[in-house]
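Asker: First the structure, then my questions, so here it is.
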Ligand code: 9PG
């Protein structure tokens, strides 16, 4: 353990190697910067004397945060932590290698590597300055994105969810043909099962046909896969149970619950698994897709027993490398649901926040479940804005923006904020089906896709876009909900959320809403 005291004047960054490092700040900080593990985990500045409640439901921890530190008693985050003092100066402590964690312990920032030791980066100054310096150093060690930003992307998820099929997508692509999209991306719903990456019965003409139709319209074909997880009922899990991470008692670990099933995680220290991943990516390229949104990538970085002993994030990075090797350097790789540092240098774009949703905030999720990883427009803006410092290393994916007013409750102001963020990130995606756009909204979308804006950064959360100021300050804050009523209601709802039967009711309600939405969509076709 290395203990050092922060000097009051020194402002050149320092790099020190240690297994554990204690950085004495010499004063009680005002705010602490939390940095969550993966895409969907929270990143935000919070008053240093506040404690973030443990988010619910607990069974989603492996899917939303780093479950290893979910119940840690002090403010903590993955790889990097920062504090702001009374004078507004920021001190940052960040690791330059994987498998590291930082906490605020009173008047000290403490960082440690889960195994062994490694380099720590220490900087103080104004917020933009210290985060920029950290990003520079990470870029040098881990590498940067190789492909440049793509133009507009249309993604099927945020209107159709898993209810996609061949005729629906064909007609949608026809309706989008005269809009200046560069990529048409097919999301979740085409596969036989999560783990079995072949087309299901709703895609009888097969995947090469789908990609060919997209390319015939002059666009790139994009595809969603979650290659590092498999549901229990998949053929993959049934055929190769030994390919999956286990707990100390030999049972396959939970990588969370989704698609109404238990998820399991591939062990990316096994050569057979790596070969399978590389072959899968080659296959998808051979089908004709060259924009790949790979999702649920956190799975192979979860704590668990691996065939070959190595730190968990180093193991994940091996898996990501095998995926990149298979797809080739010319494919555009969007990493989603992915631990941040292990992906740097391997992907082109990285989702840096949770999913957006067609309304701004949800009181149940925010106030009662204390869960900032559940889809929501404000949650997405908050975490994305607090991760824009990653921009010199990777294209930040802020998720999609909305132009439609059908099936969307966002105000004009909220939609404008999402659009501004997409322009800043240089990642422009939408999911609006053409038949849900009015003539005016369609023209707004066209103008947005064609825009070549001049973006200037005024501060960490303030930008000028073509001379217009956009301030994300308020949206980027975390609202605290307190009081007796909130505690009682939160206790009840939190308990309910942890019950499997309540989950069944929730997915039944989701199903009903989806059926209504799809009936609406198909009748408009
Ligand atoms: C497809 C989707 C979309 C989306 C991804 C990802 O339970 N959860 O917390 C949870 C979070 C995100 C999520 C699914 C579940 O969405 O971010 O864009 O591709 O998968 O299933």
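Asker: Which of 455, 231 comes first, and how do the rest follow, when ranked by fewest Cβ neighbours within 10 Å?
Answerer: Details: 455 14, 231 21.
Starting with the residue having the fewest Cβ neighbours, the order is 455, 231.
Asker: Indicate the gyration tensor shape class of the stretch 137-241 (rounded, prolate or oblate), computed on the Cα atoms with a ≥ b ≥ c the square roots of the eigenvalues: a/c under 1.5 is rounded; otherwise a/b larger than b/c is prolate and the rest oblate. Please report the intermediate quantities before stating the final value.
Answerer: Details: a/c = 2.28, a/b = 1.03, b/c = 2.23.
Here the stretch 137-241 falls in the oblate category.
Asker: Continuing with the same structure: Highest mean first, what order results for 372-385, 251-264 on Cβ atoms within 10 Å? Working shown, then result.
Answerer: Working: 372-385: 24.6, 251-264: 19.3.
So the peptides 372-385, 251-264, ranked by packing, come out 372-385, 251-264.
Asker: Could you please state, rounded to a whole Å, how far the C-alpha centre of the stretch 245-263 is from the C-alpha centre of the stretch 154-174?
Answerer: Between the Cα centre of the stretch 245-263 and that of the stretch 154-174, the gap is 30 Å.
Asker: Kindly provide the helix-only [θ] at 222 nm of the chain, computed as the sum of -39,500 (n - 2.57) over DSSP H runs of four or more divided by all residues, to the nearest 500 deg cm²/dmol? Kindly include the intermediate steps, with their values, before the conclusion.
Answerer: Details: 15 runs with 164 residues, N = 525.
Theoretical 222 nm ellipticity from helices: -9500 deg cm²/dmol.
Asker: Still on this structure, I have one more. Treat the count of other C-beta atoms within 10 Å as a stand-in for reagent exposure and order 16, 400, 340 from fewest to most.
Answerer: Neighbour counts put them in this order, fewest first: 16, 400, 340.
Asker: I need the shape label for the stretch 43-146. Rule: rounded when a/c is under 1.5, else prolate if a/b > b/c, else oblate, with a, b, c from the alpha carbon gyration tensor.
Answerer: Numbers: a/c = 1.74, a/b = 1.18, b/c = 1.48.
Oblate.
Asker: Moving on. Which percentage, to the nearest 5, of the DSSP beta bridges contained in the chain is antiparallel?
Answerer: Numbers: 57 of 85 bridges.
If we restrict to bridges inside the chain, about 65 percent are antiparallel.
Asker: Please say if the stretch 338-449 is rounded, prolate or oblate, where rounded means a/c under 1.5 for a ≥ b ≥ c the square roots of the C-alpha gyration tensor eigenvalues, and otherwise the choice is prolate for a/b larger than b/c and oblate otherwise? Provide the component values of the computation, followed by the final result.
Answerer: Values: a/c = 2.32, a/b = 1.24, b/c = 1.87.
Taking the square roots of the gyration eigenvalues as a ≥ b ≥ c, the stretch 338-449 is oblate.
Asker: Taking the number of other C-beta atoms within 10 Å as the exposure measure, put 329, 162 in order starting with the fewest.
Answerer: Numbers: 329 10, 162 14.
So the ranking, lowest neighbour count to highest, is 329, 162.
Laboratory data are not the source of any read-out in this text; all were calculated from the coordinates shown. None of these values were measured; they are calculated from a predicted model. Cβ atoms come from the backbone with ideal geometry, glycine included; neighbour counts cover every protein chain shown.
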